[in-house]
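Undergrad: Mind looking over this structure? Questions follow.
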Amino acid sequence: MRLKLWIKKHRKGCLYLLVFVVLTRILLALCYFSAWSGAGQWRVMCHMDLADNPDHVWSGNIYYYGIHAPEKIWVRTTLDEWTDDQYYESVNYGFWDDRCGEASNMSRIFLDVIAPSLPARGAYSFMAMGDRSKSGKIEIKWEENGEMKYAVVEWP
């Protein structure tokens, strides 16, 4: 009963909030649709293997956001001016949610309620590193419908 009275009293503000949430959802749905219906998107993430790891080993992972993740990709890495001589094969190890560890961030929780982010459809390991590199470039090749595709992802 109190909730109904509060909503009646603040009707205009509640309506604005509802319109904001609906418009945000629509805009993000359009953004997601374009990402999923097109060629997809690649993203590189570096994770520390274990929090208490004495060697501070980092794992490099490539995530694919799209409808059909390739079963395998070929990766060539450039890290801090060092480049692989050839492409190395990496196999998709499955559906992955790369948002782990961010649940404690309150602004992230609020954002996920209004506009949840899509989990990756493909995950590929590309390297184990002693130290996390400051800059890098990942060249990715994969086969789609009988033809080779090519993408480059750079950071920082």
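The values are calculated or read from the model by the stated rules, or taken from the named source; none is laboratory data. Just so it is clear, the model here is predicted, and its values are computed rather than measured. Ideal geometry is used to build each Cβ from the backbone, glycine not excepted, and the neighbour counts take in all protein chains shown.
Undergrad: Of the residues that sit in region 70-111 and are within 20 Å of LYS134 (Cα to Cα) and out of contact with any Ser or Thr (no Cβ under 6 Å at 6 or more places or on another chain), which one is modelled with the highest pLDDT?
TA: Per the criteria, the residue is ARG76.
Undergrad: Take the residues in region 112-155 that are of a type in the set (Ser, Thr, Tyr) and in contact with a Leu (Cβ under 9 Å, 6 or more places away or on another chain); name whichever of them is modelled with the lowest pLDDT.
TA: Among those that are of a type in the set (Ser, Thr, Tyr) and in contact with a Leu (Cβ under 9 Å, 6 or more places away or on another chain), it is SER117.
Undergrad: Determine, yes or no, whether CYS31 is surrounded by fewer than 13 Cβ atoms within 10 Å (Cβ to Cβ), modelled with pLDDT under 85 and under 30 Å from LYS149 (Cα atoms).
TA: yes
Undergrad: Ok, one more. Here is a list: ILE62, ILE26, ILE67. Which entry is modelled with pLDDT of 65 or more and in contact with a strand residue (DSSP E or B) (Cβ under 7 Å, 6 or more places away or on another chain)?
TA: Going through ILE62, ILE26, ILE67 in turn, just one is modelled with pLDDT of 65 or more and in contact with a strand residue (DSSP E or B) (Cβ under 7 Å, 6 or more places away or on another chain): ILE62.
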